[in-house]
Each structure stands twice: as structure tokens, then as C-alpha cells.
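Student: My structure is below; once you've seen it, I'll send some questions.
The values are calculated or read from the model by the stated rules, or taken from the named source; none is laboratory data. Worth saying up front: this structure is predicted, and the values here are computed from it rather than measured. Note that we place each Cβ from the backbone using ideal geometry, even for glycine, and neighbour counts take in every protein chain shown. These area figures cover heavy atoms from the full protein model, side chains too; ligands, DNA and RNA do not enter into them. Shrake-Rupley method; radii C 1.70, N 1.55, O 1.52, S 1.80 Å.
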Amino acid sequence: MSERRAYLDVGVGETRGVVTLDGRPERLLIARDTDLARQRLGARVAGRVRKVERVHALAFVDLGEGPDGALNLRPEMGRLGEGQWVEVEIRAEAKGGKGPTLRLAGEADGPPRLLLPAPTIEDDLRSLAPGHSIETGARARDIAEAAEAEALASVFPLPGGGSVAIEATRALVAVDVDVGERQGTESKRAARASNLAALGVAARVLRLKGEGGLVVIDLAGRGHDGPALIAAARAAFALDNPGVAFGPISRFGTLELTIPRRRRSLADYLLDESGRPTAETLALRLTRAFEREALADPGGRIVGRAAPDVVSAAAPYLEALKGRFGARLELAAEADRPRESFEVSPA
């Protein structure tokens, strides 16, 4: 029987929540102090209808911060007009330059403002792992660090050999199943075993990454047992319901499905357009390194060195740490230091 556990890491500038499935990270939830409160999943906001496109049955709502939200128009809503004030709920967070998806909750008056904040990370953990206690402290931080590293990986081993590669593009998420070491066994049996294992791993990792939309799985081998694989896929992705839909296995050996995308993906959160960690992501990692060294060396002077944009992003977090550890924390900018390479150590 599968076992889930929940972990909460509360750090300076960032809170991370992790749900593990049989010891492997299944969910990584992040909330940063710099997040826009009116753009988070579950928040209720008073906004103004900025534009109505009746041909596409869409209304765009100005939330007062961040990109406009998109509201799908339905007959039962009545006739919304431009300039009208409405209360909306964030049903899916913004992604890839597109604003959040909204649900109409009722009428409102101006100005644009937050009416009800989104659930906290702790709230979400209790919902995702009901009945389980939430572990905090040093172990929770270690679990969160490992979950973040795995969420940014692209190749994942399968039980018994082989691997699955997962890559998100603008149009879809591609999943490739590789038989690998199983090739030494009878080929059709090896392909079946790899495909069944890959469905479970892919489901877990896609939840971890926060990816959704159209997913195309390139299955190993030929002559697939369609009903058995579809049944296994339905079981693997059941936690992502409501809204998961499957297509038949194609003659090219691919299985297509759609997964509702509700949260901002971790890649969108942690990385820039080139796929490298943002200055904010690196600044938070640097801050955690300072905290770790300060705890390990009470009273000692701790010195850090980092690229200028990382130092700039880390400045407010370091000031918060100084309120706890004193002025013994020092951070210097080095113009020639590689952006992703920082160091923190006792002086």
C-alpha cells in the first residue's frame, strides 16, 4: 500500500511544502514573499472587466496586479460588459505569458483588491495528505532541497531498469520510455514492464513538476495491449482528476492525455527563459546556505561571495537573517564569478 508523508520548510523569503509517495517526492509547493497574492491559486479578487471577446466567449479581467485573468463566458453568467466589476476566483495560475484562468463568483465593486487570500502551503499539504502529520525542521529542509533538484531533472530511472525522460515544450509535455537494461529479457515482455512502470513514474513526476496540458507518452516497443495500458494510465493519473482525459494508443505507439494545469509549473517558477535558475532562485539558495553555516558555527563570522545580480536579489533576505544572527554575516559581489556559483563559509 502506498504511503504519503508531508513536510513543511519555512525559510526566509520562501515556504516550501513537499508530499512524498513511498519516499519519493510527489508534490513540491512553493510560496515566496515576492509572489503576487492576487495571482495565486484559490485567491478571490475584485477585478474589472477590461475586454470582452464574444466571438471567443472570453472576458479579460484586470486584477490590479500581474497579467489580466481570462474568464470563460457561459450563458448562465448573463451579459458581462467592459468596465463591470466582478468577484473572481483564481482557478489556474498564470503560465508562459498567459494570465490566470478565472471562475466568476459574483458581482463586486472597485477598486481591484484581494478579497480572500489563497490557501497557505500548510493548508495545501493538509488537503493533499489528509490525516498525516506535517514534519518541519532540518529534515523538512533536506526533503525540500531533494524535491527541488528532482523537479528540475529530466531523466528518471524505472524500477527494474530502463528510464523515462520528461521534457516540457510550449505545445506539450513529451514523455519518452526507454527499456534500457530490460533489453536482455524477452523484448515484448520487457517493453510491457517498462511501459507499466513508466506510467506510474511519469504520473508522480508530472505532479512534482507541476506540468499539465497535453501530454504525449512515446511507449516502448510495438503491438501494445491498449486496454491494459489505458487502465494502468487511468489508475496512475487518478489523483489528477477531475479533468484527465485519454486518447487511444496511436499506430505510432504514443498515448496522449490531457491533465488539468492548475498551478504554475516549477520550471516557470524557478527558471528563466533560457532554462537557468533565476536570480531570485539563486538568492534564496544562497540565503539558506548562510543560515546553514550560521547555525553550524554559532558566533563565527560567515562570508559569502556571489554574482552581482544574485547579491542584489539576496540583500533583503540577508538583512532578515542578520536580525536573527547579527552582523556577522557578510556578502560580497564578484563581477567575474559565474552566476550559478556562489560560496558561503566561515571567515
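Student: Size of region 276-347 along its principal axes in angstrom, Cα-based, largest extent first?
Tutor: Per principal axis, max minus min of the Cα coordinates gives 33, 20, 16 Å.
Student: Also: Percent relative contact order of region 1-129, based on C-alpha pairs within less than 8 angstrom and at least six residues apart?
Tutor: Details: 291 pairs, mean separation 34.8, N = 129.
So the answer I get is 27 percent.
Student: Next question, about the same structure. Quick query: amide H of Leu158 versus all other amide H atoms, modeled in the peptide plane; which residues come in under 5 Å with a sequence gap of 5 or more or a different chain?
Tutor: HN-HN under 5 Å from Leu158: Ser163, Val164.
Student: Another question, then. If Lys and Arg each add +1 and Asp and Glu each add -1, what is the summed charge of the other residues whose beta carbon sits under 12 Å from the beta carbon of Gly110?
Tutor: Working: positive: Arg48, Arg113; negative: Asp62, Glu87, Glu107, Asp109.
My count for the surroundings of Gly110 gives -2.
Student: Can you tell which of Ala238, Ala202, Ala267 shows the greatest fluctuation in a Gaussian network model of the chain with Cα springs below 10 Å?
Tutor: Ala238
Student: Sort Arg5, Arg32 by accessible area with a 1.4 Å probe, largest first. Don't jump to the answer; show the numbers that get you there.
Tutor: Numbers: Arg5 120, Arg32 25 Å².
Largest accessible area first, the list is Arg5, Arg32.
Student: Let me ask another. DSSP loop (so not H, G, I, E, B), at most 14 other Cβ within 10 Å: list which GluC sites (Glu not before Pro) in region 176-268 pass both filters.
Tutor: Numbers: sites: Glu181, Glu186, Glu211, Glu256; in loops: Glu186, Glu211.
Passing sites in region 176-268 are Glu186.
Student: Sticking with this structure for a sec: Leaving ligands, DNA and RNA out of it, rank Ser133, Ser154 by accessible area with a 1.4 Å probe, largest first. Numbers along the way, then the final one.
Tutor: Numbers: Ser133 100, Ser154 65 Å².
From most accessible down to least: Ser133, Ser154.
Student: Now a separate question. Just want to confirm a number: the relative contact order over the chain, from Cα pairs under 8 angstrom separated by 6+ residues, in percent.
Tutor: The normalised contact order for the chain reaches 14 percent.
Student: Just to check, using Stokes-Einstein with a Kirkwood Rh over alpha carbon pairs, what's the diffusion coefficient of region 55-161 at 20 °C and 1.002 mPa s in µm²/s?
Tutor: The estimated diffusion coefficient comes to 122 µm²/s.
Student: Work through the residues other than Glu334 whose Cβ is under 14 Å from its Cβ and net out their charges, Lys, Arg +1 and Asp, Glu -1. Walk me through the numbers before you get to the answer.
Tutor: Numbers: positive: Arg305, Arg337, Arg339; negative: Asp309, Glu330, Asp336, Glu340, Glu343.
Residues close to Glu334 contribute a combined charge of -2.
Student: I'd like the Kirkwood hydrodynamic radius of region 104-172, using the inverse of the mean 1/r over distinct C-alpha pairs, in Å. Show your work: numbers first, answer last.
Tutor: Numbers: mean 1/r = 0.0594 Å⁻¹.
Computed over Cα pairs of region 104-172, the Kirkwood hydrodynamic radius comes out at 16.8 Å.
Student: Starting from one equal scatterer on each C-alpha and no solvent at all, send me the Debye-based log10 I(q)/I(0) for the chain at q = 0.08, 0.09, 0.13, 0.16 Å⁻¹, two decimals.
Tutor: Normalising to I(0) and taking log10 leaves -0.49, -0.61, -1.11, -1.34.
Student: Additional query: How large is the helix-only mean residue ellipticity at 222 nm for the chain, computed as the sum of -39500 (n - 2.57) over DSSP H runs with n ≥ 4, divided by its residue count, in deg cm²/dmol to the nearest 500? Don't skip to the answer; put the middle values down first.
Tutor: Details: 7 runs with 97 residues, N = 347.
Calculated from helices alone, the mean residue ellipticity at 222 nm is -9000 deg cm²/dmol.
Student: Considering all alpha-carbon pairs of region 226-347, what whole percent are spaced by more than 22 angstrom? Can you show the working numbers first?
Tutor: Working: 4022 of 7381 pairs.
Beyond 22 Å sits 54 percent of the P(r) for region 226-347.
Student: Over region 153-254, calculate the relative contact order: mean separation of alpha carbon pairs under 8 Å at least 6 apart, over the residue count, as a percent.
Tutor: Values: 137 pairs, mean separation 25.9, N = 102.
Contact order relative to length: 25 percent.
Student: Calculate the tail of P(r) for region 66-118: the fraction of all Cα-Cα distances greater than 16 Å, expressed in %.
Tutor: Numbers: 598 of 1378 pairs.
Of all Cα-Cα pairs in region 66-118, 43 percent lie more than 16 Å apart.
Student: Set Lys and Arg Cβ to +1 and Asp and Glu Cβ to -1, take the dipole of region 93-166 about its Cα centre, and tell me which of Ala144, Gly131, Thr101 lies farthest positive.
Tutor: Thr101
Student: Quick one: how many Å² of Leu271 are accessible to a 1.4 Å probe, rounded to 10?
Tutor: The accessible area comes out at roughly 40 Å².
Student: Ordered by residue, what ³J(HN,Hα) values in Hz, to whole numbers, does region 244-249 give under the Karplus form 6.51 cos²θ - 1.76 cosθ + 1.60, where θ = phi - 60° and Gly and Pro are x?
Tutor: Values, residue by residue: 6, 9, 10, x, x, 5 Hz.
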